[in-house]
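Beneath this line is the structure, given in structure tokens, with notes to follow.
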Amino acid sequence: MTHEEDALRRVQDGLLHLRRGLAPVVTARMQARFGADWPSRASRAGGGRADAALDAYGLLRTMIDCWREAFAETLPREERHLARSFVTMALEARNAVAHAAADTLPQATTLRYLDAMLQLLRHVQAPATEVEALQRLYDAQLRPDDAGQQGARPASGIGGAKPTGTIEARLLAYVSRNRGLDDDELSRNLDIRPRQAINQAARRLVAQGRLRRARGPAGKIVNFAEEPCP
């Protein structure tokens, strides 16, 4: 199976974990807002039965259609816009898989989809088992050559050490000690591929107020930690 075929399968698996993670969250918040009759307010694909459990499309579409009424107020104000963008991207992932004209997905697109699903589950505090399952899919896609070979050889990293922690944690720790590096330099120095993974992690840290990005002397965007690590 090619990396591109693996990518499509991982997005399909990710949507299963997304559905399991969102179902109790959407049910609880819709019920709190609309009462026992909340299923009548839920959104469904055309032809979907009103008494059927919501699939990934229904859960995501319901969140979008009832965002202000049932979901936005449950999140910190500074997280609402970002979380809403993850819902939209996750729905794009579902539609891409449902209407796929081919059996493959590009690496960068797959990482974007998996990251959106993962971050959405984190924002809504979905069950940890589903968050962890999506994290494993994302990590496997980030390093496809290492998938299924854990323990066979150490992953390359700075000084040959096996990288640990999330991309955000590694990025923030490194930038706090090495200021003013651009995304290409960070991707190379941290051995994180593709470069888009660095860009996405940096943007999340900026939204959290933990990282600052500015144009450097060479004209490229460079990164600075707001608070240096001890």
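The values are calculated or read from the model by the stated rules, or taken from the named source; none is laboratory data. Computed from a predicted structure; not experimentally measured. So basically every Cβ, Gly included, is an ideal-geometry build from the backbone, and we count neighbours across all protein chains shown. Surface accessibility is based on the protein's heavy atoms, side chains included, excluding ligands, DNA and RNA. Shrake-Rupley method; radii C 1.70, N 1.55, O 1.52, S 1.80 Å.
Give me Rg/Rg_expected for segment 1-70, where Rg uses Cα atoms only and Rg_expected = 2.2 N^0.38 Å with N residues.
Cα Rg divided by the expected 2.2 N^0.38 Å: 1.29.
Which ³J(HN,Hα) values in Hz, rounded to whole numbers, follow from the phi angles of segment 21-30 under the Karplus curve 6.51 cos²θ - 1.76 cosθ + 1.60, where θ = phi - 60° and Gly and Pro get x?
Result, ordered by residue: x, 7, 3, x, 5, 5, 4, 5, 6, 5 Hz.
How would segment 1-137 be classified by its alpha-carbon gyration tensor: rounded, prolate or oblate, with rounded meaning a/c under 1.5 and the a/b versus b/c comparison settling the rest?
Prolate.
With no solvent and one equal point scatterer placed on each C-alpha of the chain, evaluate the Debye formula and give log10 I(q)/I(0) for q = 0.16 Å⁻¹, two decimals.
Computed log10 I(q)/I(0) values: -1.16.
Give the carbon-plus-sulfur fraction of the accessible surface of segment 17-141 in %, rounded to a whole number; probe 1.4 Å, heavy atoms of protein chains only.
49
What does the highest-first list of 36-42, 110-116, 53-59 look like by mean Cβ count within 10 Å?
Highest to lowest by the protection proxy: 110-116, 53-59, 36-42.
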